[in-house]
1. In terms of the Cα gyration tensor, with a ≥ b ≥ c the square roots of its eigenvalues, is the stretch 189-232 rounded because a/c is under 1.5, prolate because a/b exceeds b/c, or oblate?
2. State whether the stretch 80-235 is rounded, prolate or oblate according to the following rule on the C-alpha gyration tensor (a ≥ b ≥ c being the square roots of its eigenvalues): a/c under 1.5 gives rounded; otherwise a/b larger than b/c gives prolate, and the remaining case gives oblate.
3. Shape call for the stretch 54-154 from the C-alpha gyration tensor, a ≥ b ≥ c root eigenvalues: rounded (a/c under 1.5), prolate (a/b greater than b/c) or oblate?
4. Leaving out ligands and nucleic acids, and using a 1.4 Å probe, what accessible area per residue does the stretch 75-144 come to in Å²?
5. Identify all lysines with a Cα-Cα distance to K233 below 17 Å; exclude those on the same chain that are fewer than 8 residues away in sequence.
6. Considering only C-alpha atoms, what is the centroid distance from the stretch 119-157 to the stretch 186-212, in Å?
Amino acid sequence: MMLLLAACGNEDGDSGIQDDGTPESTGEEAQSDGEDGGSMEASDIIGEASSAWGDTVSYEARQTSTISSGDSQYVVRTITTRSEQNEIKVEVDDGEEIKTHYIFEGDHFIYQGGTIEAQDTPREIEDSRYGDLVSRLEPLREGTASEQESGYEVRYTIDEKEDAVPFFNEEMTSALENVDTFNGLVTVQFNEEYQYTGAKLTLTVGSGEEEMNIISNITMDRIGQVEMIEKPKEM
C-alpha cells in the first residue's frame, strides 16, 4: 500500500524510501460501523479520491510504527517528504539515532551526525507520488465506509495473509511468509474533499507459540504544496 508498513519492512529504515490512536477493533466492529455510517460506499470514496487527487505529486507523511513481541518493543518514526521535483527525503528515528535519506535525480545520500555520505547504489523514487499512494488504496474498495465529522473513514479487515499482500513491501511480505495466524484492520481517513489524510494498521501475526503485534499510524499533510526539499549544503 502506502507508507503503512514502510518502516517495519527493514529496521534500518531504508524501506521507508519505497514508500507515519484509536483502540484496536475487530473485524465485526468494522463491519457494523460501516453499515451504520453514511450512505457513501467504500468504493465510491476510493473512486472520488483517485479522480480528484490521482495526479498530485507532493506531500509530507509522518508515520509511527510499533512492533511488539513478548516483553520486547521496537518503535520507529519516519517523516517522508516528496516534493514536486524528482526528489524525496525520509527521516528515520528508531529511538537511538536519526538517519535521513535524500534521493534526487537517482542519487542516494544519507545524512547522519552532521556528515553526508553518498551511497554507491542509485535509488529510484518511481511510484512515490501522492497519486501513487492513493492508487494503492484500491483494495479498500471491498471495505466498509462511514461518514465522519471531518470527512470519511474506510475500514478493511485483514483475515488472511493474502488480504494483506497489497499493503506490504517485498521485505515485509517475505518476512511474514511462514506465519500461521494473521489478522488485522486497516483504517483510512479522507477529508471532505476526498484527500487521503491518514491511516492506521493494526496487525497480529503468529508462528507456533510466538506472536507479534504491529501498530502503524500515518498522517498526511502539505498535499500538493511541497515545491522543493531543503538539502544540507554538503550535497
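The values are calculated or read from the model by the stated rules, or taken from the named source; none is laboratory data. Nothing here was measured: the structure is a model prediction, and the numbers come from that model. Side chains are part of the model used for accessible areas, which takes the heavy atoms of the whole protein and leaves out ligands, DNA and RNA. Shrake-Rupley method; radii C 1.70, N 1.55, O 1.52, S 1.80 Å.
1. Details: a/c = 6.50, a/b = 1.93, b/c = 3.36.
Because a/c hits 1.5 or more and a/b fails to exceed b/c, the stretch 189-232 counts as oblate.
2. Numbers: a/c = 2.22, a/b = 1.34, b/c = 1.65.
The shape class here is oblate.
3. Working: a/c = 2.45, a/b = 1.29, b/c = 1.90.
Oblate, since a/c reaches 1.5 and b/c is not below a/b.
4. Details: 3520 Å² over 70 residues.
Solvent-accessible surface per residue comes out at 50 Å².
5. K89, K99
6. The stretch 119-157 and the stretch 186-212 have Cα centres separated by 11 Å.
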